[in-house]
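The structure appears below as structure tokens.
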Amino acid sequence: MGETPEEHYFTADPSVPFKREPLVAEVWGERLDLVSGSGVYSRGRLDVGTAVLFRETTPPPPGRILDLGCGYGVIGLGIARCVPDADVTGVDVNERALLLANENAATLGLADRFRAMLPDEVPADAAYDEIWSNPPIRVGKAALHELLLRWLPRLTPDGRAVLVVGKFLGADSLQRWLGDQGYPTTRLGSSKGFRVLESRQAPGRMEP
């Protein structure tokens with residue numbers, strides 16, 4: 001308690017003792033027994049936005065998947081569990097979250113197909129068939145736009161990004177902005193004040 005939203009993403013240090021908190025997440029009919037912890041987003045529970053993301057979608061097809069802002073790994077691990085041929089990379093700037101995500105992958109027997117790492121550890125030539133994310137909206141519009149424009153160009157030509165964003169946090173304006181950047185975006189679903197958005201590259205889109 002008492003942590004600012006920015007602390008969840010930027011300041012947690014795994015060398016500092018912290019309290020682990022278990023949780024159970026139901027993901028596309030599969031049970032995931034996970035461990036979260038202090039200093040990590042949505043500790044001890046599955047946040048509403050991610051729950052909406054799962055409820056409004058079906059698992060992606062096999063391929064290379066990026067879990068952007070992976071936290072303790074629930075989205076990427078859910079995909080790895082439900083899609084046996086998926087190869088999932090989790091990315092986060094919070095080192096404590098990465099520690100938990102990789103621990104959870106090992107506990108679930110998914111460490112061969114899920115790896116969580118810092119952004120700069122991702123190979124420069126890595127490309128993804130799909131990007132899934134509950135992005136850190138509260139970091140601010142400029143930082144969010146920078147984050148998305150760093151990773152969306154990693155999509156394969158026929159790839160897509162699936163994002164869940166709170167309506168009151170600017171989901172509709174983000175949908176328009178993504179389209180303006182060359183990523184036409186449609187709404188897959190809406191529930192409990194959240195939009196689930198799907199973005200694809202426009203045909204002939206030029207790299208920035």
Positive-end extreme of charge dipole, the chain - chosen from 107, 117, 157 (charges on Cβ): 157
Restricting the count to DSSP beta bridges whose residues both fall in the chain, what percent are antiparallel, rounded to a multiple of 5? 55
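Rolling a 1.4 Å sphere over the protein heavy atoms, what is the accessible area per residue of region 107-188, to the nearest Å²?
Details: 3940 Å² over 82 residues.
About 48 Å² of surface per residue is accessible.
Round to a whole number: what % of the accessible area of the chain belongs to carbon and sulfur, probe 1.4 Å? Before the final figure, lay out the partial values.
Numbers: 5130 of 9590 Å².
Carbon with sulfur: 53 percent of the solvent-accessible area.
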Tilt of helix 95-107 relative to the longest C-alpha principal axis of the chain, in degrees (0 to 90, nearest 10)? 80
Go through [x] 48, 38, 34; [y] 53, 44, 31; [z] 64, 47, 31 and flag the label whose value is the computed Cα extents along the principal axes in Å for this structure. [x]
For residue 141, counting only lysines whose alpha-carbon sits under 26 Å away and dropping same-chain residues fewer than eight positions off, the answer is 167, 192
Angle check, please: helix 171-180 long axis (alpha carbons) against the longest principal axis of the chain (alpha carbons), in degrees 0 to 90, nearest 10. 50
For the chain, longest principal axis from Cα atoms; helix 141-151 axis from its Cα atoms; angle between them, nearest 10 degrees, is 80
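The values are calculated or read from the model by the stated rules, or taken from the named source; none is laboratory data. Computed from a predicted structure; not experimentally measured. When we count neighbours, we look across all protein chains shown, and the Cβ atoms used for this are built from the backbone with ideal geometry, even at glycine. Heads up: the accessible areas ignore ligands, DNA and RNA and are worked out on the full protein's heavy atoms, side chains in. Shrake-Rupley method; radii C 1.70, N 1.55, O 1.52, S 1.80 Å.
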